[in-house]
Amino acid sequence: MKHHRLASTFRKVLCTAALAASLTTAAVVSTAPVADAGESAPTPDSPQANNRGDARLDLPTPMADPVPEVSIESPEEVSSAPSGIPGTALDAYKRAELAVGIAVPSCKLPWHLLAGIGRVESVHATGYGLKADGSTEKPIRGPRLDGNGFARILDTDKGEWDADSVYDRAVGPMQFIPSTWSKWGADGNGDAKRDPNNIYDAALAAGLYLCAGDRNLTVAADLDRAVLSYNNSREYVNTVLGYMRQYREGRVVGAPNPPATNHVNPQQPGPHPQSIRTTPAAPSPLVKPPTTPAAPVTPPKPTAPTRPSEPVNPPSAPPTPPVEPSKPTPALSKVEFVDGAEELEAEAGSAFAAIPQIKALLDDGGAAAGRTVVFVIEQDTTGGTRFEGSDSQIVRTDAHGIASATGLRAGPKKGSFVMRVTVYDGSAVVTATLNGAVTPQPPLVLRRAADSEPLRVEAGTSIKGVEVLATVGDKPATGARVTAGLVEKDPANGAWKPVDPATVNGPYFKNADGDRLTVLPTATTDAAGKIVLPELFTADVAAGTYHLQLATAEGVELILKVEVVEAPPTEPRAPSQ
């Protein structure tokens with residue numbers, strides 16, 4: 001699969017889990033007005049309504065208004081959130097850069113671009129109570145897109161994201177329109193949810209959106225087109241790129257996540273340690289000299305020398321244990337598929353019975369727990385093998401280094417694909433690939449539930465309770481749509497064709513008003529793959545052989561032979577005595 005198919009073939013969305021610390025199409029929107037209710041309203045293909053402006057932010061003149069520096073009270077704050085961006089927002093941008101870099105390496109998405117968009121759209125969710133998990137205490141909703149100063153977009157999400165069931169509003173820190181989110185929504189923090197109000201999810205989705213169309217964002221023209229696809233405004237592009245360059249140049253410092261208010265509380269200085277003063281010892285009182293002369297001192301008599309005592313050996317100090325060199329921390333070494341899987345296989349349109357499962361190992365043979373794993377479907381010729389609607393999925397390894405990809409469903413046609421698995425731990429990246437195949441689905445088959453004997457009925461009576469089964473392989477075909485009607489062979493080519501009711505008076509159905517029907521309206525098979533034909537009448541029908549055709553839109557058919565026989569003559573009753 002070429003990475004540019006991210007947008008051009010299916011609008012890929014990289015979904016689910018966190019990239020880095022946990023680790024975690026592009027088309028310009030039409031300027032045509034959106035149709036009134038009842039008309040076919042065009043769906044915007046941008047996180048923004050075209051030329052939507054910004055109702056919450058006073059955009060600076062491009063490249064003339066520098067990003068304000070943030071006052072920092074302590075060095076700890078600088079180290080926790082560099083670049084003047086709330087720590088959680090910065091983490092979300094960097095995780096998105098890493099995740100997109102794994103899934104679409106040719107795009108070369110810089111986190112600074114996401115930060116520029118996040119700054120313009122919501123000031124990195126500042127004032128909305130950004131939490132460590134990426135959610136906010138207050139919802140972030142753009143202006144109502146009712147055509148009054150902005151594009152007019154009728155509701156597309158029934159108010160699920162924007163709390164507006166009449167018109168759409170851009171939602172979340174990256175300001176996605178709900179209809180665009182339905183195509184590009186991603187899970188950037190591994191909580192199995194896709195929430196445009198979560199900055200991890202929104203940043204990842206924005207990164208994928210910007211990388212659509214085989215873009216290389218190190219190319220100026222591609223970068224320009226990418227930001228224009230987000231909001232078709234030259235002022236918007238200049239402003240976003242201005243912030244991007246300033247973040248890249250490191251011209252601002254960091255800030256902690258602000259509270260849910262538009263005013264940041266001043267930082268209270270911490271307590272200062274008290275000075276420790278050493279008090280000098282009090283001087284000894286002076287000894288007053290004696291007032292009388294001291295008596296002469298008699299010198300001591302000399303004594304015989306004594307043998308010096310044996311020197312006392314001081315206790316020896318305990319030996320210092322040798323310092324063992326510290327062992328290096330085991331590093332991520334390899335990834336392997338569990339149970340020696342060599343190939344995934346499933347029938348077209350069905351779920352894969354085998355769940356792709358990998359084990360990540362360290363270089364000491366231990367399990368690499370808590371690592372992020374990205375599963376990506378590539379080189380797909382099956383028409384869309386996907387993980388629950390996306391061709392990518394991100395999960396984390398458990399305590400045993402195991403990670404599983406869930407919800408894998410085969411594409412609609414025969415073909416092959418490659419599953420690439422990438423494991424990341426911040427210092428190393430290891431990959432493995434697994435081939436997959438999709439086999440043709442067995443054909444749909446229609447058959448009588450009881451036997452294949454012709455349906456036989458006496459003229460003037462009816463046939464009830466005829467059951468027909470639809471199966472695919474050995475499984476019931478639930479929801480198959482079947483029509484039924486009388487047919488006859490075309491003498492020109494031998495093919496079956498509907499009978500002409502004006503010339504053929506054969507068995508018939510009835511509608512609710514009792515009118516004759518030679519063609520039965522479409523019926524749908526139940527959970528057991530079964531339909532029961534309504535009553536087939538033969539009143540005023542001549543004896544003979546007729547044919548009832550059951551057919552699906554795919555061309556599967558079943559011909560039931562119906563034999564109408566003359567009713568036996570009624571014997572005259574003997575006269576009563």
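Quick grid of which residues meet (1) charged (D, E, K, R); (2) farther than 26 Å from Thr239 by Cα:
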position: Pro86; (1), (2): no, no
position: Tyr93; (1), (2): no, no
position: Pro110; (1), (2): no, no
position: Leu114; (1), (2): no, no
position: Val120; (1), (2): no, no
position: Glu137; (1), (2): yes, yes
position: Arg141; (1), (2): yes, no
position: Leu145; (1), (2): no, no
position: Asn198; (1), (2): no, no
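What are the residues in the range 352-397 that are farther than 20 Å from Val104 by Cα, assigned to a strand (DSSP E or B) and within 20 Å of the chain's Cα centre (by Cα), if any?
Gln357, Ile358
With the requirement that a residue be over 19 Å from Asp187 (Cα atoms) and crowded, with 21+ Cβ neighbours inside 10 Å, what does the range 121-146 give you?
Those that are over 19 Å from Asp187 (Cα atoms) and crowded, with 21+ Cβ neighbours inside 10 Å: Glu121, Ser122, Thr126, Tyr128, Gly142, Leu145.
Taking the range 531-546 as the search range and keeping residues that are more than 52 Å from the chain's Cα centre (by Cα) and part of a strand (DSSP E or B), which one is surrounded by the fewest Cβ atoms within 10 Å (Cβ to Cβ)?
Thr545
With the checklist (1) touching a strand residue (DSSP E or B) at 6+ places or on another chain (Cβ under 7 Å); (2) at pLDDT 90 or above in hand, flag the one item Ala539 doesn't pass.
(1)
Run down Ala551, Ala470 and say which single residue is in contact with a Pro (Cβ under 8 Å, 6 or more places away or on another chain), of a type in the set (Gly, Ala, Ser) and surrounded by 17 or more Cβ atoms within 10 Å (Cβ to Cβ).
After applying the criteria, what remains is Ala470.
So, in the range 483-494, of the ones that are under 20 Å from Pro454 (Cα atoms) and either of a type in the set (Gly, Ala, Ser) or not assigned by TED's automatic domain parsing to the domain that holds Thr552 (or both), which residue ends up nearest to the chain's Cα centre (by Cα)? Let's see the steps before the verdict.
So in the range 483-494, the residues under 20 Å from Pro454 (Cα atoms) come out as 483-489.
Filter once more, so that each one left must be either of a type in the set (Gly, Ala, Ser) or not assigned by TED's automatic domain parsing to the domain that holds Thr552 (or both): 484-485.
Values: Ala484: 43, Gly485: 46 Å.
Selected residue: Ala484.
Just a yes or no: is a residue in the range 469-482 of a type outside the set (Val, Ile, Thr) and over 39 Å from the mean Cα position of the chain (by Cα)?
no
Check Val78, Val120 and return the single one that is among the hydrophobic types (A, V, I, L, M, F, W, C), in a helix (DSSP H, G or I) and at pLDDT 55 or above.
Result of the check over Val78, Val120: Val120.
Could you pull out every one of the strands (runs of 3 or more DSSP E) wholly within the range 402-448 that has 2 or more residues that are among the small types (Gly, Ala, Ser) and surrounded by fewer than 21 Cβ atoms within 10 Å (Cβ to Cβ)?
Counting at least 2 such residues, we get 415-424, 429-439.
Of (1) modelled with pLDDT of 90 or more; (2) at positive phi, Asp214 satisfies all except one. Which?
Among (1) modelled with pLDDT of 90 or more; (2) at positive phi, Asp214 violates only (1).
If you scan the range 361-397, which residues turn out to be within 20 Å of Asp187 (Cβ to Cβ) and of a type in the set (A, V, I, L, M, F, W, C)?
Val373, Val374, Phe375, Val376, Ile377, Phe387, Ile394, Val395
Being at pLDDT 90 or above, within 21 Å of Thr461 (Cβ to Cβ), assigned to a loop (DSSP other than H, G, I, E, B) and not basic (Lys, Arg) is the requirement here; does Ala528 meet it?
On the way: at pLDDT 90 or above: yes; within 21 Å of Thr461 (Cβ to Cβ): no; assigned to a loop (DSSP other than H, G, I, E, B): yes; not basic (Lys, Arg): yes.
So Ala528 does not fit the description; no.
If we keep just the residues of the range 348-400 that are polar (S, T, N, Q) and buried (at least 20 other Cβ atoms within 10 Å of the Cβ), which is modelled with the lowest pLDDT?
Let us first name the residues in the range 348-400 that are polar (S, T, N, Q), namely 350, 357, 372, 379, 381-382, 385, 390, 392-393, 397.
If we keep only those that are buried (at least 20 other Cβ atoms within 10 Å of the Cβ) too, we end up with 372, 382, 385, 390, 392-393, 397.
Values: Thr372: 82, Thr382: 93, Thr385: 92, Ser390: 75, Ser392: 79, Gln393: 84, Thr397: 91.
Out of the qualifying residues, it is Ser390.
Only one of Leu520, Leu486 is within 18 Å of Ala543 (Cα to Cα) and of a type in the set (A, V, I, L, M). Can you tell me which?
Going through Leu520, Leu486 in turn, just one is within 18 Å of Ala543 (Cα to Cα) and of a type in the set (A, V, I, L, M): Leu486.
Residue-wise test of (1) closer than 12 Å to Ala202 by Cα; (2) assigned by TED's automatic domain parsing to the domain that holds Ala206; (3) assigned to a loop (DSSP other than H, G, I, E, B).
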{"site": "Ala132", "(1), (2), (3)": "no, yes, yes"}
{"site": "Asp157", "(1), (2), (3)": "no, yes, yes"}
{"site": "Ala163", "(1), (2), (3)": "no, yes, yes"}
{"site": "Met174", "(1), (2), (3)": "yes, yes, yes"}
{"site": "Ser179", "(1), (2), (3)": "no, yes, no"}
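Report, by residue number, each residue of the range 492-525 that is crowded, with 19+ Cβ neighbours inside 10 Å, part of a loop (DSSP other than H, G, I, E, B) and touching a Pro at 6+ places or on another chain (Cβ under 9 Å).
Of everything in the range 492-525, those that are crowded, with 19+ Cβ neighbours inside 10 Å, part of a loop (DSSP other than H, G, I, E, B) and touching a Pro at 6+ places or on another chain (Cβ under 9 Å) turn out to be Thr518, Thr525.
The values are calculated or read from the model by the stated rules, or taken from the named source; none is laboratory data. This structure is a prediction, so every number in the text was calculated from the model and none was measured. Virtual Cβ from ideal backbone geometry, glycine too; neighbours counted across all protein chains shown.
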